[in-house]
Each structure stands twice: as structure tokens, then as C-alpha cells.
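> Handing you this structure, nothing more for now.
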Amino acid sequence: MTPSVNVVAIDGPAGAGKSTIARELARVLNLPYLDTGAMYRGITCAVLRKGVNPIDDAAVSQLALATQLEISEDGLLVDGVDATVDIRGEAVTRAVSSVAANSEVRRDLRERQRSWVALRGGGVVEGRDIATVVFPDARLKVFLTASPLVRAQRRVAQIGGDVEQIALDIAERDHKDSTRSDSPLRESENAILVDTSDRSIEDVVKQIVEVFHG
């Protein structure tokens, strides 16, 4: 694989601040931004729209390969239909881990992610296996984390709900993502670890930019 000179790979669990920080980092570095989690949510949205069982690996794989995703700064189209709001809904959130654990789905989306970056000559790419699997040759690898309480509070601020229930949902998602057999969530050996719990977005982005240019 050609070295991904201009790729900043950002991984981390739900609520660690990946999307907010990655988006701002991309702006500061003048690089394209790709939210790979939105792609998995897009496939999940298609699965639910078609009435397919998220744990039916064969049916999900077949549907994923036929699903068109158009991702941009403005949102996400799934088979030409706007899914920007739907992919952040409770139904998709509860089903996405099952879809994301599907090896055929992961293989397909990895190739789409690499093609997206190759077409643009680089980017800030965030997800859960970017530094470890998708772009192991990234110029910079970052693993973002935060305390469980902070992560739950951030999710509630985004989508509403009960902090305790959201915390339980996040813990379940963490377990599924970190124990799946294909590309589990884990920190890359040569990634910088950044705890965002008590830090501003600007402070975290400043640190990453300094390392990027260092």
C-alpha cells in the first residue's frame, strides 16, 4: 500500500469527541474530512429501511454491497435519499454494532474509505479501526478517549435522553466494538493517546496540529 502521507487517522470510542475534533482539525490543516462511522450507520440505515435483520450476516452483506453512499460535509445520502438525521437516531444507534461486526461490510467499506482518500490526496479520517487497519501507514495516528461519565453527558447533549441509560448503551457499544473478531477497537501502538475529558476542542486540536507539524 502506498504510504498515506497526508492521512491523519483518528480512532476512539463513542463520545470521545472524534467527529467534533476531526472536523475542526481538518479545517485547520486544510484537509478533507471523512467520518467512517457515518458510513457504517448509512449501511445500517439501509438495512433497517429494507427490513433486513441486522444480525443476518448474509443478507446484510448482500445489501451493503448494493448500497450507494454519498458522504459530504452537508450529510449523507443512502441510495440517493437523505439519511443525515436518520443515521443518528436510536434505531440505527442500537443496530450499528451488529452491522459493523460483519466482515463483508467492513471489507467493502474499507475499500470505499481508501478510495475516498486516494481521490482527494489525503484527509482527516475518523472511526474505530482507521490507524490499525484502514490506514496503518497514516502520517499521524491519534486515539481519543474520555471518561465514561463525560462521554455519556456529551451524547445526551447531542441526542437527549437519560445519562445513566446512555452510559449503559455506550458501555455495551464499547464491549461489542472492542471484542468483535474483525478489526476490533484498540489503540494503535504508535498512536498518540489524548484524553479529551476536561479539555476544550481548541486545546486538543492545537496539540494534534503541533504533533502533525512536528
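> Let me make sure I get this right: for the stretch 144-214, a, b and c are the square roots of the gyration tensor eigenvalues over alpha carbons, sorted descending. Under 1.5 in a/c it's rounded, otherwise prolate if a/b > b/c, else oblate. Which is it?
oblate
> Any chance you could list P(r) for the chain, counting all Cα-Cα pairs in 5 angstrom bins from zero, rounded to whole %?
Percent of pairs per bin, in order: 1, 7, 16, 20, 21, 18, 11, 4, 1, 0.
> While we're looking at this one, here's another question. Check every DSSP H run in the chain and write down those whose alpha carbon atoms cover 15 angstrom or more along the long axis and whose mean Kyte-Doolittle hydropathy is 0.5 or greater. Present the calculation step by step, with values, prior to reporting the outcome.
Values: long enough: 18-29 (16 Å, 0.17); 36-49 (20 Å, 0.57); 90-100 (16 Å, 0.70); 103-120 (26 Å, -1.43); 148-159 (17 Å, -0.15); 163-179 (24 Å, -0.79); 201-213 (18 Å, 0.58).
Qualifying helices, which must be both long enough and hydrophobic enough, are 36-49, 90-100, 201-213.
> Give me the extension gain from Asp74 to Ala91: residue separation times 0.36 nm, minus the current Cα-Cα distance, reported in nm with one decimal. Each step should come with its number before you reach the end.
Working: separation 17, 0.36 × 17 = 6.12 nm, distance 2.17 nm.
Length gained between Asp74 and Ala91: 3.9 nm.
> Extension gain Glu111-Leu149, at 0.36 nm per residue separation less the Cα-Cα distance, in nm?
Working it through step by step, the gained length comes to 10.2 nm.
> Here's another thing I want to ask about it. Test of the criteria: in the stretch 120-210, which GluC sites (Glu not before Pro) are in a DSSP loop and have at most 14 other Cβ atoms within 10 angstrom of their Cβ? All intermediate terms of the calculation are to be shown ahead of the outcome.
Details: sites: Glu126, Glu164, Glu172, Glu187, Glu189, Glu202, Glu210; in loops: Glu187, Glu189.
Those satisfying the criteria are Glu189.
> Relative contact order for the chain: what is it in percent, counting Cα pairs under 8 Å that are at least 6 residues apart? Each step should come with its number before you reach the end.
Working: 335 pairs, mean separation 72.4, N = 214.
34 percent.
> Could you check the simple spin-label distance between Ile55 and Glu202, using points 7 Å along Cα→Cβ, in nm with one decimal?
A separation of 4.8 nm, rounded to one decimal place.
> What does DSSP give for the chain in terms of the percent of beta bridges that are antiparallel, rounded to the nearest 5? Let's see the in-between values first.
Working: 6 of 23 bridges.
Counting only bridges with both partners in the chain, antiparallel ones make up about 25 percent.
> Quick one: grab the alpha carbon gyration tensor of the stretch 97-169, order the square roots of its eigenvalues as a ≥ b ≥ c, and give me rounded if a/c is under 1.5, else prolate or oblate depending on whether a/b is larger than b/c.
Values: a/c = 2.58, a/b = 1.82, b/c = 1.42.
Prolate.
> If you put +1 on each Lys and Arg Cβ and -1 on each Asp and Glu Cβ, how big is the dipole of the chain around its Cα centre, in Debye rounded to 20? Mind showing how you got there, number by number?
Working: 26 positive and 32 negative charges, 52 e Å.
For this selection, approximately 240 debye.
> From the Cα gyration tensor of the stretch 37-120, with a ≥ b ≥ c the square roots of its eigenvalues, which class applies: rounded if a/c is under 1.5, or else prolate if a/b is larger than b/c, or else oblate? Kindly include the intermediate steps, with their values, before the conclusion.
On the way: a/c = 1.76, a/b = 1.18, b/c = 1.49.
The shape class here is oblate.
Where a number appears in this text, it was derived from the coordinates with a stated rule and is not lab data. Computed from a prediction, not measured in an experiment: that's the story for all the values here. Cβ coordinates were reconstructed from backbone atoms using ideal geometry, including for glycine residues, and neighbour counts include every protein chain displayed.
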